[in-house]
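The values are calculated or read from the model by the stated rules, or taken from the named source; none is laboratory data. All values reported here derive from a predicted model rather than from experimental measurement. When we count neighbours, we look across all protein chains shown, and the Cβ atoms used for this are built from the backbone with ideal geometry, even at glycine. Just the protein is used for accessible areas: all its heavy atoms, side chains included, with ligands, DNA and RNA removed. Shrake-Rupley method; radii C 1.70, N 1.55, O 1.52, S 1.80 Å.
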Amino acid sequence: LHYQLQEDPYNESVNEHFRRIDAAIEQWEIVKDLRYRGDSRNIIPMITQLLEISPWSIEFRQARADAYIAIDELPSAISDLRSVNKLSQDSTEGYYNIALLLYKMGQATNALKEIRECLHLDPEHKDCFPFYKKLRKVVKSLANAENSREEKQYANCISSSESVLKQEKNEKMIIFEAKRLLCTCYTRDEQFAKA
């Protein structure tokens, strides 16, 4: 742009790009200030405007993902984190963060796929490896409970669902999935009081 402006200082297109860059720099400073104050909801549209000017900015995408996480819009955060992964050279943290968000949404199987991508890049990643071990157990127990329910083996369904509840004490959506299966299997096993 500088070269084009030197060659043709009155080029309206080039001058327009410079005006947009200056406005974007000012807007980014406002975003950083609002982010510091914890105003996540209002910075999202501002960052979206910045991404129209610079769609490949890792910093903008990460900032918007963080804002989406802060207001609990996890699918939107995951979308931005996927873009960050594609733009980054080292995306182990991105895969780990996506896995955490998917797990928080109750999508344990999809979280397991993401954590495997992290381990593919770094087999001994300090965060991914322990989370992978936990995820693998939870996914296996949920799958066993689901399969047992379908095969009308309600005692197995109940024990597998209870196993999930022992493994996971914090994530509400995973607990919900386990209790949903537990309730169904107790009901079909005619243990109505426990259901």
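Looking at residue 47, is it of a type in the set (A, V, I, L, M, F, W, C), open to solvent by less than 70 Å² (accessible area, probe 1.4 Å), under 16 Å from the mean Cα position of the chain (by Cα) and within 29 Å of residue 171 (Cβ to Cβ)?
no
So which residues in region 147-195 are of a type in the set (A, V, I, L, M, F, W, C) and more than 28 Å from residue 132 (Cβ to Cβ)?
155, 183, 192, 193, 195
Which of the following residues is in contact with a Cys (Cβ under 9 Å, 6 or more places away or on another chain) and of a type in the set (Gly, Ala, Ser): 143, 195, 178?
195
I'm trying to understand the selection: among the residues of region 164-195, which are of a type outside the set (Lys, Arg), more than 22 Å from the chain's Cα centre (by Cα) and either crowded, with 18+ Cβ neighbours inside 10 Å or part of a loop (DSSP other than H, G, I, E, B) (or both)?
181, 182, 184, 185, 186, 189, 190, 191, 192, 193, 195
Which condition from (1) closer than 23 Å to residue 117 by Cα; (2) modelled with pLDDT under 95; (3) in a helix (DSSP H, G or I); (4) open to solvent by 40 Å² or more (accessible area, probe 1.4 Å) is the one that residue 52 breaks?
Among (1) closer than 23 Å to residue 117 by Cα; (2) modelled with pLDDT under 95; (3) in a helix (DSSP H, G or I); (4) open to solvent by 40 Å² or more (accessible area, probe 1.4 Å), residue 52 violates only (1).
Please identify the pairs in which a residue from region 83-96 that is within 10 Å of residue 121 (Cβ to Cβ) has its Cβ atom under 6 Å from the Cβ atom of a residue that is open to solvent by 50 Å² or more (accessible area, probe 1.4 Å) and modelled with pLDDT of 90 or more, counting only partners at least 6 apart or on another chain.
Final answer for the pair search is 92/121; 92/122; 95/117.
If I ask for residues that are closer than 15 Å to residue 43 by Cα and not small (Gly, Ala, Ser), which ones from region 59-89 would you list?
Across region 59-89, the qualifying residues are 59, 60, 61, 62, 64, 66, 68, 69, 71, 72, 73, 80.
Restricting attention to region 55-95, which residues are open to solvent by less than 40 Å² (accessible area, probe 1.4 Å) and within 18 Å of residue 128 (Cα to Cα)?
78, 81, 84, 85, 88, 91, 92, 94
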